[in-house]
Amino acid sequence: MGEIYDAITDDLRSFIAAQQMFFVATAPLSADGHINVSPKGMDTFRVLSPHRVAYLDMTGSANETSAHVLENGRITFMFCAFSGSPEILRLFGHGQTILPGTPAWDDVSAHFTIYHGARQIIAADIDRVQTSCGFGVPRYEYEGERDALRKFCATVDAAAYQQEHNRTSMDGLPTPIGQ
């Protein structure tokens, strides 16, 4: 049913590449803080090595992942097979936010198509890889990407929007954008 791996294998890398979306989960250290789970898509996830992954994070209404990663580093990614064999894959690790204009950005961004409105890259060193059955995950057919985020990013000054809306988390934690 499920297995634990020391690293992302070639088969798991292929599974990741076949998924049209993934979820990222983070949480603050405070017991009163809000846990965040965000769906992601747009071909923004990359496996950089068997122990390192990254995704291109777009401008959005909140920046919880970045704030939580800055505070404590904990991050989990989840991939679900919505077609084909039922399977769930979770990657557990410690993340970092990589901002445009930094040396790390120059290195990691080369793995992505940089969309207008790209806010940052969230990279993570993976220390646990786990599969589970996915028997309860329903089947869905992929119809295509939505264009709403790209249209939104084309109509706003992304840097100004980020300064206004993405400097802190909903719990008031700073993000790298706010520093």
**OP:** Please work out which one of (1) surrounded by fewer than 19 Cβ atoms within 10 Å (Cβ to Cβ); (2) in contact (Cβ under 8 Å) with a residue 24 or more places away in the chain is the condition Ala31 fails and give its number.
**Re:** (2)
Original post:
Restricting to segment 1-20, what's the tally of residues that are farther than 15 Å from Gln130 by Cβ and either at pLDDT below 95 or assigned to a loop (DSSP other than H, G, I, E, B) (or both)?
Top reply: 2
**OP:** Can you run down the residue pairs with Cβ atoms below 6 Å, 6 or more apart or on separate chains, where the first is in segment 91-102 and more than 13 Å from Ile122 (Cβ to Cβ) and the partner is at pLDDT 95 or above and surrounded by fewer than 18 Cβ atoms within 10 Å (Cβ to Cβ)?
**Re:** Phe92/Arg128
**OP:** Could you tell me which residue of segment 14-36 is nearest to the chain's Cα centre (by Cα), considering only residues that are over 19 Å from Glu87 (Cβ atoms) and β-branched (Val, Ile, Thr)?
**Re:** Thr26
Original post:
Which pairs do you get when a residue that is without any contact (Cβ under 8 Å) to a residue 60 or more places away in the chain, found in segment 114-142, comes within reach of a residue that is of a type in the set (Asp, Glu), reach meaning Cβ atoms under 8 angstrom, with the pair 6+ apart or on two chains?
Top reply: Gly134/Glu87
Original post:
Can you name the residue in segment 84-103 that is out of contact with any helix residue (DSSP H, G or I) (no Cβ under 9 Å at 6 or more places or on another chain) and more than 25 Å from Asp6 (Cβ to Cβ) and is also surrounded by the fewest Cβ atoms within 10 Å (Cβ to Cβ) among such residues?
Top reply: Gly101
**OP:** Please identify the pairs in which a residue from segment 161-173 that is surrounded by 15 or more Cβ atoms within 10 Å (Cβ to Cβ) has its Cβ atom under 8 Å from the Cβ atom of a residue that is among the aliphatic types (A, V, I, L, M) and part of a helix (DSSP H, G or I), counting only partners at least 6 apart or on another chain.
**Re:** Gln162/Ile177; Asn166/Ile177; Arg167/Ile177; Thr168/Ala67; Ser169/Ala67; Asp171/Ala67; Leu173/Ala67; Leu173/Leu70
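The values are calculated or read from the model by the stated rules, or taken from the named source; none is laboratory data. Everything numeric here is computed off the predicted structure, so don't read it as measured data. Please note: Cβ atoms are built from the backbone with ideal geometry, for glycine as well, and neighbour counts cover all protein chains shown.
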